[in-house]
Amino acid sequence: MTNELCRVLLQSDLTEDGIGSCEYKLRTFGSPYQEIEEEKIIPEQEVLVNPYHHYYQVLEPLLEQEDFLYTSEGRLLFHELVKSMIEIDRYAGIDKNTIKKEILKHKLLEGSYGLHISRFLKELPPSQQNATVEYLLMMYRNKEEGYSFIYEIQLIFPNSVIFREYTQKDKLYVYLGTEKQKSAINSYNAVKDMFLPRDMKVYLTWNKPFVLTDTNEIEIWGNCMI
């Protein structure tokens, strides 16, 4: 489980004072699989944190004492502990990962991976730029079979549907759900050149969905069918 809280804080360009000025509270609603639901944080904002993935080993004594946890003293202790652990994470290596992302992002923007990829990235909003860099690092770290390509396609083409035959992992069927226009073609080519494994064959359609004749061996995964 990655430290999503630190990632969001760092991508929000907060200074140390800005991070310290936020008020960290226990989140008691929303997805149990997400550490934080905010995409951007501003100084002095109330930040709701699900601590059970990344911080539970340290916070277990507090989290298991519900009678104390929800008192004013318990809330204050939770805030101070989370703030302290953010500092520990930053000094223990979270910034190292951020530096890797910044270096990769800089190389992409300056054209080291091709001018068409540089143009593509410059046209994205900052949140999508950061997600694209994250997917690239995931691909380099895990050497996975096409998942970064799938994630990026869904990011750039939100109406897309992607599936592949259960027994043929090297074939992807991609429906982009948009008109075939020059800007969309350029975006798709940039994504393909960055993420598509060399041994992966893609059957592509723009605004005409594939017709599925046999769904017995298809597993639904979000809006991807694998």
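The values are calculated or read from the model by the stated rules, or taken from the named source; none is laboratory data. Keep in mind that this is a model prediction, so the values were computed, not measured. Counting neighbours? That spans all protein chains shown, and the Cβs are built from the backbone with ideal geometry, glycine included. In case anyone asks, the SASA skips ligands and DNA or RNA and just uses the protein heavy atoms, side chains included. Shrake-Rupley method; radii C 1.70, N 1.55, O 1.52, S 1.80 Å.
Which of rounded, prolate, oblate describes the stretch 1-107, given a ≥ b ≥ c as roots of the alpha-carbon gyration tensor eigenvalues and a/c under 1.5 marking rounded, otherwise prolate only if a/b is larger than b/c? Taking the square roots of the gyration eigenvalues as a ≥ b ≥ c, the stretch 1-107 is prolate.
Phi angles across the stretch 52-63 convert, under the Karplus curve 6.51 cos²θ - 1.76 cosθ + 1.60 with θ = phi - 60°, into 3J(HN,Hα) values of 6, 8, 8, 10, 5, 4, 7, 8, 3, x, 6, 5 Hz, Gly and Pro given as x.
Just how far, in whole angstrom, is the stretch 114-147 from the stretch 3-56 if you go by their alpha carbon centroids? After rounding, the separation between the Cα centres reads 24 Å. A cut-off of 5 Å between modelled amide H atoms, ignoring neighbours fewer than 5 places along the same chain, links residue 24 with 47. In this structure residue 103 has an accessible area near 90 Å², from a 1.4 Å probe over the protein heavy atoms.
With the whole protein complex present, residue 54 retains an accessible surface near 60 Å², based on a 1.4 Å probe. Would you mind classifying the stretch 172-212 by shape? Square roots of the alpha carbon gyration tensor eigenvalues, ordered a ≥ b ≥ c; an a/c under 1.5 is rounded, otherwise it is prolate if a/b is larger than b/c and oblate if not. The shape class here is oblate.
When peptides 61-73, 36-48 are sorted by average Cβ neighbour count within 10 Å, with the highest value leading, the order is 36-48, 61-73. So in the chain, what percent of DSSP beta bridges are antiparallel if you round to the nearest 5? Taking every DSSP beta bridge within the chain, about 30 percent pair in antiparallel fashion. In the chain, the longest principal axis of the Cα atoms and the axis of helix 72-89 are about 50 degrees apart. Using Cα centres only, tell me the gap between the stretch 154-199 and the stretch 57-84 in whole Å. About 45 Å separates the Cα centre of the stretch 154-199 from the one of the stretch 57-84. Taking every lysine pair in the stretch 168-208 that is 8 or more places apart or spans two chains, those with Cα atoms closer than 20 Å amount to 12.
Counting only protein heavy atoms and a probe of 1.4 Å, the accessible surface of the stretch 17-94 is 52% carbon and sulfur. Rounded to the nearest whole angstrom, the semi-axes of the ellipsoid equivalent to the chain, taken from the Cα gyration tensor as √(5λ), stand at 38, 22, 15, largest first.
State whether the stretch 100-159 is rounded, prolate or oblate according to the following rule on the C-alpha gyration tensor (a ≥ b ≥ c being the square roots of its eigenvalues): a/c under 1.5 gives rounded; otherwise a/b larger than b/c gives prolate, and the remaining case gives oblate. Write down the numbers at each step before the final one.
Working: a/c = 1.72, a/b = 1.17, b/c = 1.47.
Oblate, because a/c is 1.5 or more while a/b does not exceed b/c.
Sequentially through the stretch 6-17, phi angles give Karplus couplings (6.51, -1.76, 1.60; θ = phi - 60°) of 5, 4, 5, 4, 5, 6, 7, 6, 7, 6, 4, 5 Hz, Gly and Pro residues having no value and appearing as x. Once the 1.4 Å probe is applied to the protein heavy atoms, the stretch 1-77 comes out at 62 Å² accessible per residue.
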